[in-house]
Structures are given as structure tokens and as C-alpha cells.
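The values are calculated or read from the model by the stated rules, or taken from the named source; none is laboratory data. Computed from a predicted structure; not experimentally measured. Virtual Cβ from ideal backbone geometry, glycine too; neighbours counted across all protein chains shown.
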Amino acid sequence: MLSPRLCAMLVALLAVCAGAVLAPPAGAAEYNVNACRHADGSVAPTDGWQLTVADDYAGNDVATNSCGLGGQVDLTLGAGTPHGRAANPAGASAQVTFAAAPPPATSWSRMQVWWAYRANPVTAAEDPAHLVAGVVGASPLGCSWGRGTGACAGRGLFTGPPLSNANLTTVSPSAAGQGAAIAVVCDSSPSLCPTASGEPYAQLRAWRMLLTLSDVTAPVLAEQPALPPSVGGSVAVPISATDAGSGVHTARLLVDGEPAGAPVVLDVAGGRCAQQADGSFDYLAPCPAQVSGATVALDVRSVRDGRHSVVVRVADAAGNATDSAPATLTIDNPVAVSSVPLLNPLRGRGHVHNGSGSASTGKLTAGLRRRAGQRLRAKARVLPGGRIRVSGRLVGADRRPVGRAILVLRRKAPRRAARYLTFRTRSNGTFDRTLRWGRSKRLTVHWYPWGDSTTPVSSRSLRFLGAAKIALRVSAAPRNGRPLHVWGTVHGAPAGGSVTIQVRTGPFWRTFLTPRVNRRGRFSGRRLLQRSGGLSYCLRARILSQPGFDYAAGFTRPVCRRVRGR
């Protein structure tokens, strides 16, 4: 442990002599800031760092910063002048410093410095304590500059790779508010730091600083982000927020509590808010303190279609985050033709036309209907046991029907691989394909004009809504004063999903019970009947769209029971 007196001529980090290490604030998030050089040796700015020379003796003490030219920071106590309090009438120490002031609402918790130093050899008659006490032993050079003899005789200044681990020192603050700095200091009293002739008396060289800052302040949303009721692909969200520490950095969507897509930087601030490959920044306050009306496109293409609870999460550069109020919206992603991994049904047959005529493009009209003559719809609900027709017509660019063409129907259910089936058009270009009830899915019809075509002509996206298949049973002979027992099953429902049991009151249906579905798709519940006299109850079970449920909302037929009196 260095004594306060032997901090004389310490060519070292100011925090070395500070004593115990101060822990970062509880709950603080941290971010790293480069200065002078990056990890790969490229130039980094020295934003917020300042050079100072205190009690300069005859103008010999010098501080230089050549980082912008790929160099380093040099701190020098000049030659030919005694240093120390005894040489200064004011009794102050000589000091050359390179220091950083953390931005408001932040504090530094760790500093890594790649540095080296030398002290000019002095005569044997001079007190070596001013030079070597705790200094040489801590030197990354592994060479005693206390005497210009032995391995150090005639050696050049600061040899070896600058960013090697041999030159790395890590320090932490010992008290709140302590500055982050490197310095060369002579603070001997009453003796003087001896006079050196020729070369500088002492010199420190720093090639890279990596400062870790703690930020305990999360961003504040100036207003709740406005989300539309229905989105597909990506949604443009306006965001206004402030942050007193590291600055407002990114926004991202959380769908049902899970992240959707990568975080989006709100304002690059002319490049200041950019991160290096290792996640570090180049500025002490890298991102804007205020973002007003920034519009970011947040991606929901990885989220399955349906109703979801959505939250916008805004984070600062340190990682502190603030969530908006949850909003319920419907996600309806379009099917991009370029993302459809279709295979040409005539592949391998060469330049053979698919169907009558010779059109290389055309128009493919498709829709859903239950029977011939009905209007084609973009979406249709299919009840359990029911069927639906995918119908339409194919015409070429010359508006002539393309008959006997092989079409590909793509069916894509949530969280499942796409499935394909093929069928032909009639001679008049029309087609029909019947589908049975099943999971809700998206449908698209595709036509490859030629056997060697790689891009299909595609219809619009259709929505096949398979209604929930749900069964309900009720106690056969309920009595007042006793519980009414209901139970049933839901096909394809996720474990933990909710079912609503409703009772009819006049023209309205009101909630009676809300049991949960188990792993086998079963549910059950009881409710005490406390009315006097006989009464008829009509109940039905209803399930809504919910995460993990691949069917559309549905309900059972009413089940009525006459409740006997006590």
C-alpha cells in the first residue's frame, strides 16, 4: 500500500491511491465508452476528456493529445526544473492530467487504461524514493527507470505493442464524485523532485482508455406511442421520450411479453449514437437527451397472426428501459410472393406453356365461398364439419381464359410449415377447390406460366378462419342451494387457455364462469345456485382468439336446464 507521501511523482492513475473501491449504484445499468483508440487500434474520439497542467514550472510541463492522428496522450514533467511543494512558493504540487467528467445522472464505475511511463535516471546521491516508490513495481514496462543502468540502459521510450495486456491497468473509484483521470504528479514535501537534465523528468503515455459508466435513470415517455388497431409486416410508431443520462437509444416491440424484431435506433445523432462491434460507444453521452416525434418502423413479421397484447419498450444507451401501456391489436401479416418457397409443377420440362394459350403473364382472381353463385370473399369462417370453396379464374394478359393450367394452392397455418396442393383450371379458366374445416390459415393461389418460369403469378391472400370446435355439458338435474357443474372440451386449445361460460339473461349473454383448459383440452367449473324457487338456465361456452390457439373464436349451442327449488 502506497503512503500519501510516496505518491510523489506517481506516473499512474489517480484512483490507485484512493483506497477502497466504490461499488456501482444498486440497479444501475452500465455502458462502455472508448477514448483515443478502439480495441482494434483504430482512432476513437476523446469526447469529454480534458488536458490540464497545474503549477507549471518555467513552462516545462507539457500535455499533448495526438489521438486524432492515430497517436496517444503524453503527459510530461519537464527537464531542468525542480518540482514539488518546496520549489513552489504556493506550496502546491506539480501535476499534468488527462481527465473525463461523466455526464449528468451518470458516474464511472471502472476504467481500463493501456499506458506506460518512464522516469529520467538521476544521480545516486539523490533520494530514489521520489522516483521508484510504488512506481516501478506497477509499471507495465517491467523495467526499472529509477536508474539508467542494466536492462534499461539506453533503452528507447515505450517499446512493445501499445494495446498488449502487459500495458493494461484497471481501476475503480473509491468515493462518490471522484474524477476519472490519468496523471503524472510530483507532490513531495518537504524534499524536491530532483532536477533532471536533458530528457523530461517524467513522462506518461496512454494509448487507450475504456471508461465504464453507470446510469440509473430510465427514459421517460413524453406520451404513449399511438398504435393502430391492426398491423401487418411493420408498423410506423411515433415516439417522444427524454433521458437524463446516456440518452434515448432504441425502441422495440414486445408482443405478449416477448420481443418481436430487433431494437431500432431512434436517432443516430449524426453517428454519435452508433455502437462498435463490441457494443461500446465513442461518446460519454452518446445518444440524444430528447427525442421528439421520431417515427420508427417496428417489425411484426415474426409474430403469428391474431390478437395480441403489444408494448413499446424504449431503452437508453446503458440498457435502462421504460415500457408503454399495453395495447391490444390485431396482427395480419401479408404473404410476400418472394418468400413463398414454391416449386414449378412443370419444372424440368423446359419452355412448355402451363395451360392453353401462350401468355407469359396474366391475372389470377381467387376468393372463398360456400356454394356456387356466391360472391367471392377474401376471408370466410368455416364451422366444425363444414367446407369452403377456393374459387376463381385465370386469364392471360390478353384477357383470354387460360384453361387446363396447373395451379398451386399454398396453405399456411400459424407456427406450422406451409403445405401445397395442385389442381387444374377448367377450359374457361375457372377453378374450384374444396377445403374441409381445420385450423385457421392463409391461402394463396399461384400459376407458373411456363415450365422454366421462376416467378409465379399470384392471387391475393385469403384468410380461412376455422371456427373453434367446442363442446359443453351441464349437470342434468341442478337444484337451488347446490353447485351447478359444467364441463367440456376445446379442440386444439393451449393448456391454460381460458373458456367463458355465459348465461342468457333476457336478450343478453353474461359471464357465468371462466374455467381454464388443461393439457388434454378439457375444462370444468362449478357455481353455487342461490335463487329460490324454480328457474331455467340457458348456458353456452365461448372461446376467443388467444396466443397459441390456431382457430377463430367460437361458441356452442345453448344448453338449457330447469333448476328445481330447494
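Here is a list: Val445, Val503, Val486. Which entry is under 30 Å from Arg389 (Cα atoms) and in a strand (DSSP E or B)?
Values: Val503 fails: under 30 Å from Arg389 (Cα atoms); Val486 fails: under 30 Å from Arg389 (Cα atoms).
Every option except Val445 fails the conditions.
Tell me the residue from Arg400, Arg415 that is touching a residue at least 40 places away in the same chain (Cβ under 8 Å) and either among the acidic types (Asp, Glu) or farther than 26 Å from Asp550 by Cβ (or both), please.
Among Arg400, Arg415, only Arg400 is touching a residue at least 40 places away in the same chain (Cβ under 8 Å) and either among the acidic types (Asp, Glu) or farther than 26 Å from Asp550 by Cβ (or both).
Going by the structure shown, is Ala20 over 45 Å from the mean Cα position of the chain (by Cα), among the small types (Gly, Ala, Ser), more than 17 Å from Leu211 (Cβ to Cβ) and modelled with pLDDT under 75? It would help to see each step written out before you state the result.
Values: over 45 Å from the mean Cα position of the chain (by Cα): no; among the small types (Gly, Ala, Ser): yes; more than 17 Å from Leu211 (Cβ to Cβ): yes; modelled with pLDDT under 75: yes.
So Ala20 does not fit the description; no.
If I ask for residues that are on the phi > 0 side of the Ramachandran plot and not small (Gly, Ala, Ser), which ones from region 409-458 would you list?
Arg415
Return the only residue of Arg433, Arg416 being in the same structural domain as Arg389 (by TED's automatic domain parsing), touching a strand residue (DSSP E or B) at 6+ places or on another chain (Cβ under 6 Å), at pLDDT below 95 and over 22 Å from Thr361 (Cβ atoms).
Exactly one of Arg433, Arg416 is in the same structural domain as Arg389 (by TED's automatic domain parsing), touching a strand residue (DSSP E or B) at 6+ places or on another chain (Cβ under 6 Å), at pLDDT below 95 and over 22 Å from Thr361 (Cβ atoms), namely Arg433.
Give region 519-552 a look and list any residue that's assigned to a loop (DSSP other than H, G, I, E, B) and surrounded by 15 or more Cβ atoms within 10 Å (Cβ to Cβ), or say none.
Of everything in region 519-552, those that are assigned to a loop (DSSP other than H, G, I, E, B) and surrounded by 15 or more Cβ atoms within 10 Å (Cβ to Cβ) turn out to be Gly521, Leu529, Leu544, Ser545, Gln546, Pro547, Gly548, Phe549, Asp550, Tyr551.
From the residues in region 414-433 that are within 25 Å of Arg304 (Cα to Cα) and not in a loop (DSSP other than H, G, I, E, B), which one is nearest to the chain's Cα centre (by Cα)?
The residue in question is Arg419.
In region 321-349, which residues are in contact with a Gly (Cβ under 6 Å, 6 or more places away or on another chain) and modelled with pLDDT of 85 or more? Break it down stepwise before answering.
We begin by selecting, within region 321-349, every residue in contact with a Gly (Cβ under 6 Å, 6 or more places away or on another chain); these are 332-334, 346, 349.
If the condition is that a residue be in contact with a Gly (Cβ under 6 Å, 6 or more places away or on another chain) and modelled with pLDDT of 85 or more, then Leu346 is the only one that fits.
Of the residues in region 357-408, how many are at negative phi, modelled with pLDDT under 90 and crowded, with 17+ Cβ neighbours inside 10 Å?
The qualifying residues number 1.
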